[in-house]
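Asks: Here it is, the structure in full.
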Amino acid sequence: EKGGHASFMHKEIAEQPRAVADTLLGRIGADGELLLDELRIPAAELREVDKVVVVACGTAFHAGLIAKYAIEHWTRIPCEVEPASEFRHRDPILDARTLVVAVSQSGETMDTLMALRHAREQGSRVLAICNTNGSTIPRESDAVLYTHAGPEVAVASTKAFLTQLVACYLVALYLGQVRGTKWGDEIQGVVRDLAGIAGAVERVLADMEPVRALARSLAGAGTVLFLGRHVGYPVALEGALKLKELAYMHAEGFAAGELKHGPIALVEEGLPVVVVVPSPRGRSVLHDKIVSNIQEIRARGARTIVIAEEGDETVLPCADHVVWVPVTPTLLQPLVTTVPLQVFACELAVARGNEVDQPRNLAKSVTVE
Ligand code: F6R
């Protein structure tokens with residue numbers, strides 16, 4: 001069943017280009033328009049939406065954090081993202097014009113289910129982004145956009161995460177298309193870029209041996225920090241979560257701009273710090289700020305592991321290790337920058353003798369409260 005792979009996790013990481021392509025299949029028209037009639041929410045209603053709230057848990061929550069950047073940029077609709085376990089137990093401000101997006105691989109996560117019930121009781125529409133046909137969350141939602149990752153067996157989510165991102169981008173772009181935004185031209189371009197993204201993921205996967213070697217060399221490390229800005233921030237959180245659950249190591253993700261407000265006190269000689277660097281094109285301020293963050297931590301002895309865009313030579317003087325990813329529009333970068341972090345965590349887990357498909361204390365779907 002593992003098709004020659006060492007574990008389901010190895011297999012599922014390798015399947016990501018196909019999972020991403022399958023999730024796009026049939027959803028982009030010949031002229032680059034999005035075909036999401038399957039949502040069955042009339043365009044007139046989508047034009048009325050004045051707030052989007054994303055609820056999810058764990059890795060799916062990280063997909064939601066990234067969705068916020070895309071939704072607010074392309075649609076100008078305010079978007080909030082909250083762990084379902086928090087949302088369900090408070091008194092959020094919702095009404096019929098709020099679109100609640102519930103993201104779940106399994107479709108059975110209890111907190112996410114309770115959060116969507118909480119939203120529907122207040123008259124909000126719920127759109128599920130889900131990988132499991134006919135599961136409870138899509139059944140109880142007003143609409144569903146299925147991710148086509150195929151069955152995910154390993155407990156740690158990998159290919160489902162990438163397809164959740166694709167689905168979130170599709171929803172953001174579709175909302176932009178239906179409502180018409182000033183980013184019309186940009187949206188067309190992004191749709192073309194999305195159509196080519198599976199190839200970019202494939203290229204990242206083709207060159208992972210240096211990442212695996214690096215991971216093995218860090219098997220004895222106590223702590224690993226992850227830093228990012230903008231959409232790289234949730235990627236840093238996801239990199240840290242993967243390392244905790246698979247390698248049982250202390251790992252934390254931070255917004256790089258928060259470093260000087262506390263976390264930099266953790267930096268000491270030899271501490272591995274993974275930094276997700278945004279593209280030097282486009283929002284170049286972000287890029288330059290993160291390069292100075294890398295310089296700051298390196299001056300304090302950190303071992304800097306930098307994920308950067310091909311051709312971005314500005315990172316070379318401050319990086320101990322560089323992992324190159326293909327040139328990708330900033331908002332879509334998580335689709336390529338997450339992959340090396342998955343491989344890194346998987347290889348570290350193996351190097352530490354852990355069972356990667358069944359990490360201790362975890363279950364594939366958390367159907368209890
Ligand atoms: C992490 C992981 C979990 C799940 C979370 C939500 O690798 O797998 O954090 O992402 O339990 O699960 P679903 O998406 O099934 O609702």
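Since every read-out is calculated from the coordinates, none of them should be taken as a lab result. These numbers were taken from a predicted model, which means no experiment stands behind them. Positions of Cβ are backbone-derived with ideal geometry, glycine not excepted, and every protein chain shown enters the neighbour counts.
Asks: Counting C-alpha atoms alone, how compact is region 168-241: give Rg to one decimal and Dmax as a whole number, in angstrom.
Replies: Cα only, region 168-241: 17.6, 52 Å (Rg, Dmax).
Asks: Within a Cβ distance under 14 Å of A67, other residues only, what is the Lys/Arg minus Asp/Glu net charge? Present the calculation step by step, with values, prior to reporting the outcome.
Replies: Working: positive: K51, K68; negative: E72, E80, E82, E238.
Taking every other residue near A67 into account, the sum is -2.
Asks: When only Cα pairs under 8 Å and 6 or more residues apart are kept, what is the percent relative contact order across region 146-280?
Replies: Values: 115 pairs, mean separation 28.2, N = 135.
Rounded, it is 21 percent for region 146-280.
Asks: Anything in the chain that counts as a DSSP H helix reaching 15 Å or more along its axis (C-alpha) with Kyte-Doolittle mean of at least 0.5? List them, would you?
Replies: Numbers: long enough: 58-75 (25 Å, 0.26); 110-121 (16 Å, -0.41); 159-179 (30 Å, 1.10); 184-195 (17 Å, -0.07); 232-247 (22 Å, 0.39); 284-299 (23 Å, 0.02); 334-351 (25 Å, 1.52).
Those that clear 15 Å and a mean of 0.5 are 159-179, 334-351.
Asks: On to the next question. Student exercise: in the chain, how many lysine pairs 8 or more apart or on different chains have Cα atoms under 23 Å apart?
Replies: Going through the chain pair by pair, I get 20.
Asks: Report the residue, chosen from E252, E238, E86, that carries the largest GNM mean-square fluctuation when the chain is represented by alpha-carbon nodes joined by springs under 10 Å.
Replies: Of E252, E238, E86, the Gaussian network model singles out E86 as fluctuating most.
Asks: Still on this structure, I have one more. For region 285-369, state the average projected area of the convex hull of the C-alpha atoms over all orientations, rounded to one decimal in nm². List each step's numbers first, then the result.
Replies: Numbers: hull surface 33.8 nm².
That works out to 8.4 nm².
Asks: Which value in deg cm²/dmol, rounded to the nearest 500, describes the helix-derived mean residue ellipticity at 222 nm for the chain, given -39,500 (n - 2.57) per DSSP H run of n ≥ 4 and division by the residue count? All intermediate terms of the calculation are to be shown ahead of the outcome.
Replies: Details: 14 runs with 162 residues, N = 369.
Mean residue ellipticity at 222 nm (helix-derived): -13500 deg cm²/dmol.
Asks: Also: Round to a whole angstrom and tell me the spacing of the C-alpha centers of region 1-48 and region 137-176.
Replies: 7
Asks: Restricted to Cα positions, what overall size does the chain have along the principal axes? Three whole-Å values, descending.
Replies: Result for the chain: principal-axis Cα extents of 56, 43, 41 Å.
Asks: Loop only by DSSP, 10 or fewer other Cβ within 10 Å of the Cβ. Give me the trypsin sites (Lys or Arg not before Pro) in region 1-94 that pass, ordered by residue number.
Replies: Details: sites: K2, K11, R18, R27, R40, R47, K51, K68, R76, R88, R90; in loops: K2, R27, R40, R76, R88, R90.
Answer in residue order: R40, R90.
Asks: Now for a separate question. Excluding Q358 itself, calculate the net charge of residues whose Cβ lies under 13 Å from the Cβ of Q358, where each Lys or Arg counts +1 and each Asp or Glu counts -1.
Replies: On the way: positive: R360, K364; negative: E245, E355, D357.
Net charge around Q358: -1.
Asks: For region 59-113, what's the radius of gyration and Dmax over Cα atoms, in angstrom?
Replies: 11.7, 31
Asks: Select from L348, L113, L271 the residue whose mean-square fluctuation is largest in a Gaussian network model of the chain (Cα-Cα springs shorter than 10 Å).
Replies: Taking springs between Cα atoms under 10 Å, the residue moving most is L271.
Asks: Another question about this same structure. Provide the net charge surrounding T136, with neighbours chosen by a C-beta distance below 11 Å and charges set as Lys +1, Arg +1, Asp -1, Glu -1. Present the calculation step by step, with values, prior to reporting the outcome.
Replies: Numbers: positive: R117, R139; negative: E108, E140.
So the surrounding residues net to 0.
Asks: Report, in whole Å, the centroid distance computed from the Cα atoms of region 93-136 and region 312-357.
Replies: 31
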